[in-house]
1. Are there any pairs with C-beta distances below 8 angstrom linking a residue in region 235-248 that is touching a residue at least 40 places away in the same chain (Cβ under 8 Å) to a residue that is part of a strand (DSSP E or B) and surrounded by fewer than 19 Cβ atoms within 10 Å (Cβ to Cβ), with the two at least 6 apart or on different chains, and if so which?
2. Hey, does region 58-65 have a residue that's surrounded by fewer than 19 Cβ atoms within 10 Å (Cβ to Cβ) and free of Cβ contacts under 8 Å to residues at least 60 places away in the same chain?
3. So which residues in region 80-139 are within 24 Å of Tyr303 (Cα to Cα), crowded, with 16+ Cβ neighbours inside 10 Å, small (Gly, Ala, Ser) and touching a residue at least 40 places away in the same chain (Cβ under 8 Å)?
4. Taking region 253-300, which residues are under 17 Å from Ala42 (Cα atoms), part of a strand (DSSP E or B) and not charged (D, E, K, R)?
5. Restrict the check to region 109-118 and report whether at least one residue is at pLDDT 95 or above, assigned to a helix (DSSP H, G or I) and not aromatic (Phe, Trp, Tyr).
6. Any idea which of Ile59, Ile136, Ile147 is closer than 30 Å to Glu17 by Cα and part of a helix (DSSP H, G or I)?
7. What pairs can you find where one residue is in region 21-49 and in contact (Cβ under 8 Å) with a residue 60 or more places away in the chain, the other is in a helix (DSSP H, G or I) and among the acidic types (Asp, Glu), and their Cβ atoms are less than 6 Å apart, with a gap of 6+ or different chains?
Amino acid sequence: MADAAQLPVQDKYRQPEVIEFWRRLSLQGLQACEEAAIKKYASAPGLALDLGCGSGRAILALQPRGYRVVGLDITWEMLDAARELCAQRHLQPHLTQGDLRALPYAQASFDLALILIAALQHIPQRKVRQAVLADIARVLRPGGVLILALDNLAPALRCYGYWGLRKLGAWLKPSSHGRPSPASSPGAAADQLLSARRASMNKVIWHLRGLARTLRWRTWNGWVDAARRAGLAKGEPGDAAIHQVSLTATRGRVYYHIYRHAELVADAQAAGLELLGYHACDELTSGRETPPRIRQLDKQILYAFRRPSK
């Protein structure tokens, strides 16, 4: 996707306003859904690899719990922010400047690998992303787990229909199930920061904004992808370019891949990883199960894969 305004990913993430946002988020910890996924799928604390570690969010959250965390990021400025935040908490991080496309680690080194919020999605070309997944499988120990978070920019229209019917059903018949109390839920501080714009906006305007994003990133891109599959448009299905890698858009666009569920699972399995489970973010925080056809089309989905023991 050639674009004169499109930046290399490291240039996008070294912008001061982007670094400042990720610093703030790192101080708040992991999201509640990320906490729940790690609790559900990770074994006892061991050696973890945080790929696209940014300003050290996972390191700050997990190292005090007994995990030994190695962080890798392509942007020096983000790693400098991680060192500073770790020093404030008297943590000694193991940080490497590097690229997911060439992992500088020995085979079978890690018990857990993390890709939280988009790092894999910034890599153009499916064959290259497949090679990255194969390299992650290589550095995982047998039985090691990869927890991978997708952010697909907007849910599909089908999700809005399902949520509307669920809310109507809850209104007609109140359910005993509810979200954990925000004050007591792990990850509440990070969730509150990420939802700050929603809290300050009129609910109707927020939902109209969400529908507009869905029409832009799911419906329109779906038509573009159909043209690509038919050979009528350039690029691979899922190719996109975005301005926003923090709460607000910043200068220049950066490559972003919008994944399809079947595509990610097929690529991971081809890399030698087996699927343990996948969840929409809301499922992990609310305890309410979502049908697979809706879950696969949500905005934020967390996947757990394992390198087989044999």
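The values are calculated or read from the model by the stated rules, or taken from the named source; none is laboratory data. Bear in mind the structure is a predicted one, so any value in this text is a computation, not a measurement. All Cβ positions, glycine included, derive from the backbone under ideal geometry; neighbour counts span all protein chains shown.
1. Going by the 8 Å Cβ cut-off, the qualifying pairs are Ala241/Gln6.
2. Our first condition is that a residue be surrounded by fewer than 19 Cβ atoms within 10 Å (Cβ to Cβ); within region 58-65, this holds for 64-65.
This time we only want the ones that are free of Cβ contacts under 8 Å to residues at least 60 places away in the same chain, so: 64-65.
Looking for residues that are surrounded by fewer than 19 Cβ atoms within 10 Å (Cβ to Cβ) and free of Cβ contacts under 8 Å to residues at least 60 places away in the same chain, one finds at least one in region 58-65, hence yes.
3. Scanning region 80-139 gives Ser109, Ala113, Ala118, Ala119, Ala137.
4. Leu275, Leu276, Gly277, Tyr278, His279
5. No, region 109-118 contains no residue that is at pLDDT 95 or above, assigned to a helix (DSSP H, G or I) and not aromatic (Phe, Trp, Tyr).
6. Answer to the check: Ile59.
7. Gln31/Asp191; Ala32/Asp191
Rundown of residues vs (1) modelled with pLDDT under 95; (2) farther than 19 Å from Asp298 by Cβ; (3) surrounded by 14 or more Cβ atoms within 10 Å (Cβ to Cβ), yes/no style:
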| position | (1), (2), (3) |
| --- | --- |
| Ile205 | yes, yes, no |
| Gln244 | yes, no, no |
| Arg251 | yes, yes, no |
| Tyr255 | no, yes, yes |
| Ile258 | no, no, yes |
| Glu263 | no, no, yes |
| Leu273 | no, yes, yes |
